[in-house]
1. Can you tell me which residue in region 42-71 is modelled with the highest pLDDT, limited to those that are within 20 Å of Leu28 (Cα to Cα) and assigned to a loop (DSSP other than H, G, I, E, B)?
2. Return the residues of region 72-112 that are surrounded by fewer than 16 Cβ atoms within 10 Å (Cβ to Cβ), assigned to a loop (DSSP other than H, G, I, E, B) and hydrophobic (A, V, I, L, M, F, W, C); say none if nothing qualifies.
3. Among the residues of region 44-52, is there at least one that is in contact (Cβ under 8 Å) with a residue 12 or more places away in the chain and within 19 Å of His111 (Cβ to Cβ)?
4. Within region 1-55, which residues are surrounded by 13 or more Cβ atoms within 10 Å (Cβ to Cβ), more than 12 Å from the chain's Cα centre (by Cα) and of a type in the set (Asp, Glu)?
5. Could you tell me whether Arg121 is modelled with pLDDT of 95 or more, open to solvent by 90 Å² or more (accessible area, probe 1.4 Å), touching a strand residue (DSSP E or B) at 6+ places or on another chain (Cβ under 9 Å) and assigned to a strand (DSSP E or B)?
6. Looking only at region 17-41, count every residue that is in a loop (DSSP other than H, G, I, E, B) and in contact (Cβ under 8 Å) with a residue 12 or more places away in the chain and tell me the total.
7. What's the total number of residues in region 66-92 that are in contact with a Phe, Trp or Tyr (Cβ under 6 Å, 6 or more places away or on another chain) and within 21 Å of Leu102 (Cβ to Cβ)?
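The values are calculated or read from the model by the stated rules, or taken from the named source; none is laboratory data. Given the structure is predicted, the values throughout are model-derived calculations rather than measurements. Don't worry about glycine lacking a Cβ; one is built from the backbone with ideal geometry, like all the others, and counts go over all protein chains shown. Protein only, heavy atoms only, side chains kept; ligands, DNA and RNA dropped before computing areas. Shrake-Rupley method; radii C 1.70, N 1.55, O 1.52, S 1.80 Å.
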Amino acid sequence: VEAYMNYPRELLIGRWYRNGLDDEGWQLSEYAEMSADGSYEFTFITYDDNGDVASQIIELGDWGLVGDIHFTMAKSEFIDQEHYAADLADPDNYHAYRVLNLDNKNFEYQHVVTKEVFILRRVADKIGHC
């Protein structure tokens with residue numbers, strides 16, 4: 001039997017951020033806000049080679065954390081300010097991740113199917129206040 005960690009759900013509530021490269025090698029920024037009511041808002045911004053915004057997608061949905069499994073269900077998205085309802089029958093709108101590390105500052109998790117690893121860092125709400 002594989003051991004698992006039991007992470008407190010409250011640790012995920014708040015705002016998170018990561019930077020990386022997309023499949024084309026362009027800069028990608030993700031901003032994630034997870035609310036106590038189980039809703040989320042993820043913003044994905046891709047920048048072109050000149051540093052200009054090439055695309056912006058805002059995804060809205062529900063999230064949860066049980067033990068060391070984090071899951072999301074996309075319900076709608078805004079792509080370049082156009083609103084689209086998600087097809088809730090589409091399996092691509094459901095994702096599950098194994099939490100590798102979660103504390104007050106870092107959230108590292110791995111997609112259970114693709115095995116891709118993501119690392120988010122907490123956004124400090126009170127900059128300059130300890």
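1. Top of the filtered list is Asp52.
2. Leu88, Ala89, Val112
3. Looking through region 44-52, at least one residue is in contact (Cβ under 8 Å) with a residue 12 or more places away in the chain and within 19 Å of His111 (Cβ to Cβ).
4. Passing the criteria: only Asp22.
5. It is true that Arg121 is modelled with pLDDT of 95 or more, open to solvent by 90 Å² or more (accessible area, probe 1.4 Å), touching a strand residue (DSSP E or B) at 6+ places or on another chain (Cβ under 9 Å) and assigned to a strand (DSSP E or B).
6. 5
7. 5
Here is a yes/no grid of residues against (1) in contact with a Cys (Cβ under 7 Å, 6 or more places away or on another chain); (2) closer than 23 Å to Val123 by Cβ; (3) of a type outside the set (D, E, K, R):
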residue: Arg9; (1), (2), (3): no, yes, no
residue: Trp26; (1), (2), (3): no, yes, yes
residue: Glu59; (1), (2), (3): no, yes, no
residue: Asn93; (1), (2), (3): no, no, yes
residue: Asn106; (1), (2), (3): no, yes, yes
